[in-house]
Amino acid sequence: YLGRMAAFALVSEIPFDLALFGRPDWRSQNVFLTLSVSLLMLSFLERAMDARDRERGAGERAVWQTAAAAGIVAAAMVLADLLRVDYGGSGPLLAALFYCYSRRRRPNLTVSFLLFCLSMGPITALIEAFGIVAVPLIARYNGMRRRKGRGRLFYLFYPAHLLILYLIAAV
């Protein structure tokens, strides 16, 4: 899955650059790279959280596992900023917050989303805050995948719609 996500990040980069900058440019990378960094982070975060849960009564070891989980999230945020991905370090932060929500129903999903908005800075937070309408839908997700096959259509839609936007702007 991570390989597929990274492949679509590569495929989508030129359409992303054309749509945003009118030419290939490395100032910003597309959201598939954000998702790739987030997915990589989640694989390590899940291991750290599982280890922490096993050590719950062990005191000091559980504290170290929690610190490791926080370090994993921080490292992903730094990596995202260094790679100049869409949403910067806030992208992996949102993935981590939603992961923690799905794992324990803590922290509150609305609070998680608002933390994400605030991490984007005050102006962007006002724009991203409109995404709050998605929170009830996300909260209802039960973790079950739907029919296979439709998801790839959405993967293809992303670079295709960017190319269409570029062509419209070029005309």
Next on the checklist: Tell me the accessible surface of I123 in square angstrom (1.4 angstrom probe, heavy atoms of protein chains only), to the nearest ten.
Outcome noted: 120
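What relative contact order, as a whole-number percentage, does the chain give when Cα pairs under 8 Å and 6 or more residues apart are counted? Please list the in-between numbers first.
Numbers: 168 pairs, mean separation 42.2, N = 171.
That works out to 25 percent.
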Checklist entry - Of L137, F113, A76, which is farthest along the charge dipole of the chain in the positive direction, counting Lys and Arg as +1 and Asp and Glu as -1 at C-beta? => result L137
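Which helices count as membrane-span-like in the chain under these terms: full DSSP H, at least 18 Å along the axis by C-alpha, Kyte-Doolittle mean of 0.0 or more? Please list the in-between numbers first.
Values: long enough: 2-21 (27 Å, 1.35); 31-54 (34 Å, 0.71); 60-83 (34 Å, 1.23); 90-104 (21 Å, 0.34); 150-170 (30 Å, 1.18).
Both cut-offs are met by 2-21, 31-54, 60-83, 90-104, 150-170.
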Checklist entry - Just the Cα atoms of the chain: what Rg and Dmax do they give in Å? => result 17.8, 65
Checklist outcome for this item: Of R84, R54, R145, the most mobile residue in a GNM of the chain (C-alpha springs, cutoff 10 Å) is R145
Next on the checklist: Taking the Cα centroid of region 115-132 and of region 72-97, what is the distance between the two, rounded to the nearest whole Å?
Outcome noted: 15
Checklist entry - About its Cα centre, how strong a charge dipole does the chain have in debye, to the nearest 20, once Lys and Arg get +1 and Asp and Glu get -1 at the Cβ? => result 860
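The values are calculated or read from the model by the stated rules, or taken from the named source; none is laboratory data. Because the structure is a prediction, the values reported are computed rather than measured. Neighbour counts run over all protein chains shown; Cβ positions are idealised from the backbone, glycine included. Areas reflect the complete protein model, heavy atoms only, side chains present, ligands, DNA and RNA absent. Shrake-Rupley method; radii C 1.70, N 1.55, O 1.52, S 1.80 Å.
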